[in-house]
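Reviewing the structure listed below.
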Amino acid sequence: MIIFGVALTVLVILVVGIVVARRIDGDSANFLVAGRRLGVPLVAASLTAAAVDANATVGNTDLTADFGFWSGASLALGLAICLTLVGLFLAKPLNAMKLFTLGDYFRIRYGRTNEVFASVIMVIAFTILLAGNLVACGYLMERFARIPYAWGVIIAVVLVLSYTIAGGLVSDAYTGAIQTTITVVASVALLIWTAFSFGIIIPEGMGPFDFEQLTSAEFGAPINWATLIALGIGDIVAIDFMQRVFGARNPQVARRACLSAAALTAGVGIIFALVALTASAALGLTAADGPVLYQLLDGWAPPLLSILVLSGIVAASFSTASGAILATSAVTVRNIFRVRRPADSERDPLLRWTRVAMFPVVIIGSLLAIQTSQTAILLTLAFDLMLACLAGPFIIGIFWNRPGRNALFISAAVGLVVRIALLGVQPTLYGLENNIFYIPNTLFDTSIDVLATLIAFAVSLSVFFLVSWLSPRTEAELGDERDAVEALRLEQADVLGEAAATDGAADPVRA
């Protein structure tokens, strides 16, 4: 019964995603940024669905049950911090730039070479992100449908790909509205059932107001802070988040949507953490016996509630996976291989090749998910890489004119080398066994785990400031930026029509 109910939800999402794909109308601008006509409800819902992924639900409950509120809730709260920062400081200027992908920003601000370098890093990170969400789907299929884990991963990615390849950001936005609604309703229903069944039980020292979890190493403070920083700052360079920001109708809509999504993400994350604390105290559930949330739903919750919550988890994972597939493919085709739509042609090679590029992305993501079946490790590592390489130059470059091309390239390269080197010598990654890339050694123990995230970010950021000071942006680079901005404006006029370049386009996706 449970798997049938979840399958019905997936079918509805699939049908909606394919039906609204008609709005693409063969146009890459509609496919990549939904014609830049999404309103607050759709952008906020899509951002929330992307943020409340398997990490913020399944991973959250596992860590909370074993280590306390801040160990698990930090996953969702970190993403909420990210959305808040984007809403307050970045959404308006980035939406106003009329970018098609985040790679466009790096081309305009730091030049063509850095566009390619940054895009390669983003593609790697978000293929890892895709894998992390497929892991959660694979485990769900295995536990509730008795489908082998690897086949569960494959089934999930085929379903997500089917509507993403058809409708791009349009399908993602409309399915995101359904997914967010299911997730919010499921979260509230789960909290109410837990409260009436067991009460809300907070074990001593593990609650939200036990701040030693943020101040004492004995209670996991370094790992909790590293999680908050990696997600709160590293995820600002999230190509899937930014794709949705670019699709907003105007800068004000983009800002309001980000702040609304931040509130929803934080609320859902807190609810799942409180449920996990209660399940741990009242029922003795731990992650050692499998995902805590799955144990609770499979053995204790009423079937209808289990269907609702599991549908929310699947929906959230699908949304994040969809955004990762779309954004990664778009960056690969547009920013690495420089495919554009000719103004004088009815054929749109950018649309066609972005769809083609989705296949290698999902194949690599699926293989990684099957090989490394650790949701928390994969999702957090993705943002770790973004934090170490691109977060500082991206944010600072918007507000400080001095940094030039050398600053980004050198700092990102140093950050990447340092982070990969530290990954190779750390036996654990965010408290879990490092089975991604580990070289056995006697020089480093588990204490390097959390420091690796912070060291790589600190080194990269220091190098960025140093090179910016010693080698500021030249007049030639400033001229290239003006030329790139003008080229993007002309592309806007060619692809969307002159009215769209001034925010007056026809309304293919009004919401």
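The values are calculated or read from the model by the stated rules, or taken from the named source; none is laboratory data. From a predicted model like this one, the values you see are computed outputs, not experimental measurements. For neighbour counting, all protein chains shown are included, and Cβ atoms are generated from backbone atoms with ideal geometry for every residue, glycine included.
Can you go through V275, V314, V339 and tell me which one is at pLDDT 90 or above and assigned to a helix (DSSP H, G or I)? Reasoning before the result, please.
Numbers: V314 fails: at pLDDT 90 or above; V339 fails: assigned to a helix (DSSP H, G or I).
Only one candidate qualifies: V275.
With respect to K98, determine if the residue is closer than 30 Å to T474 by Cα, in contact with a Lys or Arg (Cβ under 6 Å, 6 or more places away or on another chain), of a type outside the set (A, V, I, L, M, F, W, C) and at pLDDT 90 or above.
Values: closer than 30 Å to T474 by Cα: yes; in contact with a Lys or Arg (Cβ under 6 Å, 6 or more places away or on another chain): no; of a type outside the set (A, V, I, L, M, F, W, C): yes; at pLDDT 90 or above: yes.
Considered against the rule, which asks whether it is closer than 30 Å to T474 by Cα, in contact with a Lys or Arg (Cβ under 6 Å, 6 or more places away or on another chain), of a type outside the set (A, V, I, L, M, F, W, C) and at pLDDT 90 or above, K98 comes out as no.
Could we say that L85 is part of a helix (DSSP H, G or I) and surrounded by fewer than 24 Cβ atoms within 10 Å (Cβ to Cβ) here? Judged against the criteria, L85 is a match.
With respect to F89, determine if the residue is aromatic (F, W, Y), more than 21 Å from Y174 (Cα to Cα) and in contact with a Gly (Cβ under 7 Å, 6 or more places away or on another chain). When the stated conditions are applied, F89 does not pass them.
Across region 347-382, the number of residues qualifying as under 22 Å from N30 (Cβ atoms), of a type outside the set (A, V, I, L, M, F, W, C) and without any contact (Cβ under 8 Å) to a residue 40 or more places away in the chain comes to 3.
Of the conditions (1) charged (D, E, K, R); (2) modelled with pLDDT of 95 or more; (3) closer than 24 Å to S74 by Cβ, R473 fails just one. Which one is it? Every condition holds for R473 apart from (3). Take A315 and tell me if it is within 19 Å of Y163 (Cβ to Cβ) and not polar (S, T, N, Q). Yes; evaluated as a whole, the condition is true for this residue.
I'd like the full set of residues that are part of a loop (DSSP other than H, G, I, E, B) and touching a Gly at 6+ places or on another chain (Cβ under 9 Å), limited to region 435-449.
Taking region 435-449 as the starting set, the residues that turn out to be part of a loop (DSSP other than H, G, I, E, B) are 435-447.
The answer is F437, Y438, I439, N441, T446.
Determine whether L304 is farther than 26 Å from C82 by Cα and over 19 Å from the mean Cα position of the chain (by Cα). Against the criterion (farther than 26 Å from C82 by Cα and over 19 Å from the mean Cα position of the chain (by Cα)), L304 qualifies.
Among the residues of region 435-479 satisfying the criterion of being among the charged types (D, E, K, R) and in contact (Cβ under 8 Å) with a residue 12 or more places away in the chain, which is nearest to L378 (Cα to Cα)? It comes out as D449.
Listed here are the residues, each with its yes/no results for (1) crowded, with 24+ Cβ neighbours inside 10 Å; (2) assigned to a helix (DSSP H, G or I).
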residue: V20; (1), (2): no, yes
residue: G26; (1), (2): no, no
residue: N30; (1), (2): yes, yes
residue: G35; (1), (2): yes, yes
residue: P41; (1), (2): no, yes
residue: A45; (1), (2): yes, yes
residue: T48; (1), (2): yes, yes
residue: A56; (1), (2): yes, yes
residue: T64; (1), (2): yes, yes
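Taken together, F409, F465, F437 contain a single residue that is modelled with pLDDT of 95 or more and under 25 Å from the mean Cα position of the chain (by Cα), which is F409.
Restricting region 396-425 to residues that are over 20 Å from T474 (Cα atoms) and among the β-branched types (V, I, T), which is surrounded by the fewest Cβ atoms within 10 Å (Cβ to Cβ)? Walk me through how you get there before you give the answer.
Restricting attention to region 396-425, the residues satisfying the condition of being over 20 Å from T474 (Cα atoms) are 413-425.
With among the β-branched types (V, I, T) added as a condition, the list becomes 414, 417-418, 420, 425.
Values: V414: 19, V417: 15, V418: 20, I420: 13, V425: 17.
In this case the residue turns out to be I420.
Tell me, which residue of region 237-251 that is assigned to a loop (DSSP other than H, G, I, E, B) and small (G, A, S) is surrounded by the most Cβ atoms within 10 Å (Cβ to Cβ)? Ranking the candidates gives A238 first.
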